Amino acid sequence: MPSFSRSLVVALGLGALVYAALCAALWGFQRSLIYFPQPRSAGPQVPSFGLAVPGAQLVVTHRPRPGAPALVYFGGNAEDVSASLPALEAAFAGHALYLLHYRGYGGSTGQPTQEALFADAAALFDHVHAQHPNITVVGRSLGTGVAVHLASQRPVQRLVLVTPYDSIRGIASAQFPFFPVRWLLRDPFDSGRYAPAVTAPTLVLMAQHDEVIPEASTRLLHTRFAPGVATLQVADGVGHNSISQHPAYAQWLAGLR
């Protein structure tokens with residue numbers, strides 16, 4: 001019996017060490033599970049400019065156009081936003097376009113973190129707002145968390161959220177139920193926390209067959225906005241990465257339907 005007890009204690013101790021090691025691995029490598037930096041594929045014929053921010057030099061793909069309206073776009077975690085320029089040009093023909101390459105993406109320097117992305121989004125908005133007072137903000141996937149936070153802090157005219165989530169913290173907790181994700185996660189992107197402060201008319205665009213963002217998370221985010229602020233639109237027959245192929249995608253972005 002004493003031998004069995006000692007073996008049990010040893011086994012429990014080893015199990016605790018393994019569990020602690022796995023928690024440490026999640027802590028150390030979590031950002032590599034969130035961010036997948038991509039190079040900028042657009043050639044020199046596509047305009048871009050540099051935006052200096054504390055600790056980094058950002059690259060912004062840009063379609064210049066005079067006038068009040070502008071679009072600011074925040075992409076997904078593995079997106080080269082310059083590749084989204086044609087679709088955005090089709091939807092926002094009358095707007096100046098500003099597509100942010102996150103830190104580490106598309107030639108931007110620095111490392112992506114939630115804090116950095118939030119600050120960089122505000123810096124870009126302030127830069128654009130000085131020239132274009134009417135700004136539509138579009139966020140896709142990871143970028144919806146950036147867009148919601150920005151719209152809660154700045155005078156956004158209209159907000160479009162493509163395949164958004166209520167919280168990355170909530171999604172990760174469901175994916176790793178045996179780990180204390182809520183305490184380990186450094187970049188929670190809690191959009192639901194900021195949504196109540198958004199006053200801009202908002203479109204929540206959900207893919208019917210989204211294989212990345214759970215439907216429940218998107219629908220929960222929709223309920224976080226104040227009554228009458230957000231409209232939920234389900235894009236039928238498409239998934240997380242194919243939603244832009246829906247025939248009505250450009251019209252939804254532009255607010256034409």
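The values are calculated or read from the model by the stated rules, or taken from the named source; none is laboratory data. Since this is a predicted model, take the numbers as computed values, not measurements. Positions of Cβ are backbone-derived with ideal geometry, glycine not excepted, and every protein chain shown enters the neighbour counts. Ligands, DNA and RNA are excluded from the accessible area calculation, which covers all protein heavy atoms including side chains. Shrake-Rupley method; radii C 1.70, N 1.55, O 1.52, S 1.80 Å.
Per residue, how many Å² of accessible area does segment 137-257 show with a 1.4 Å probe?
Working: 5360 Å² over 121 residues.
It amounts to 44 Å² per residue over segment 137-257.
In terms of the Cα gyration tensor, with a ≥ b ≥ c the square roots of its eigenvalues, is segment 136-257 rounded because a/c is under 1.5, prolate because a/b exceeds b/c, or oblate? Kindly include the intermediate steps, with their values, before the conclusion.
On the way: a/c = 2.13, a/b = 1.26, b/c = 1.70.
Judged from the Cα gyration tensor, segment 136-257 comes out oblate (a/c at least 1.5, b/c at or above a/b).
With each label modelled as a point 7 angstrom along the Cα→C-beta vector, the Ala174-Asp236 pair spans 2.4 nm.
Work out, step by step, the length gained on full extension between Gln111 and Gln57: first 0.36 nm times the residue separation, then minus their alpha carbon distance; give nm to one decimal.
On the way: separation 54, 0.36 × 54 = 19.44 nm, distance 1.09 nm.
Contour length minus Cα-Cα distance gives 18.3 nm.
Which order, highest average first, do 92-99, 220-227 follow once you tally other Cβ atoms within 10 Å for each residue and take the mean per peptide?
On the way: 92-99: 20.8, 220-227: 17.0.
Going by the mean number of other Cβ atoms within 10 Å, highest first, we get 92-99, 220-227.
Could you rank the peptides 82-88, 208-214 by their average count of other C-beta atoms within 10 Å per residue, with the highest value first?
On the way: 82-88: 18.0, 208-214: 15.4.
Answer by packing, highest mean first, reads 82-88, 208-214.
Restricted to Cα atoms, segment 79-193 shows a radius of gyration and a Dmax of 15.1, 50 angstrom.
Please give the contour-minus-distance gain from Gln45 to Arg219: 0.36 nm per residue of separation, less the Cα-Cα distance, rounded to one decimal in nm.
On the way: separation 174, 0.36 × 174 = 62.64 nm, distance 4.00 nm.
Full-extension gain reported as 58.6 nm.
Descending by average beta-carbon neighbour count within 10 Å, the peptides 129-141, 162-174, 103-115 line up as 162-174, 129-141, 103-115, the highest first.
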